[in-house]
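Derivation of every value follows stated rules applied to the coordinates shown; laboratory data play no part. Just so it is clear, the structure is predicted and the values come from calculations on it, not from any experiment. Glycine also receives a Cβ, built like all others from the backbone with ideal geometry; neighbour counts cover every protein chain displayed.
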Amino acid sequence: MKNRIPDTDHHEPKREDIAALAYKIWEKQGHPDGLAVKHWNLATNQLRAKRLAELNRVARTENKIRNSNRLPVMRGTIGD
């Protein structure tokens, strides 16, 4: 299996997910006025960080599986 570089555009948060999280942040902060962009950016960054953590977890798991399937190098066998 080849190492894969994630397609960052493919993993961008969905607009609906950003809006829902931004709304939750707005509610949690007491419904302040004038902070919509700040809440949107916070939500976007949180969702990106969550997705990156998921991708890293998957990559670590794939590496463990790949490494566990390798045969050990035998030393001191017959014919050496």
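Side notes on the structure shown:
- Among V37, V58, a tally of other beta-carbon atoms within 10 Å of each Cβ gives an order, fewest to most, of V37, V58.
- A Stokes-Einstein calculation at 4 °C with viscosity 1.567 mPa s, built on the Kirkwood radius of the stretch 15-54 over Cα pairs, returns a diffusion coefficient of 128 µm²/s.
- Order of H31, H11 under a 10 Å beta carbon neighbour criterion, fewest first: H31, H11
- Ordering I18, I65 by the number of other Cβ atoms within 10 Å of each residue's own Cβ, fewest first, gives I65, I18.
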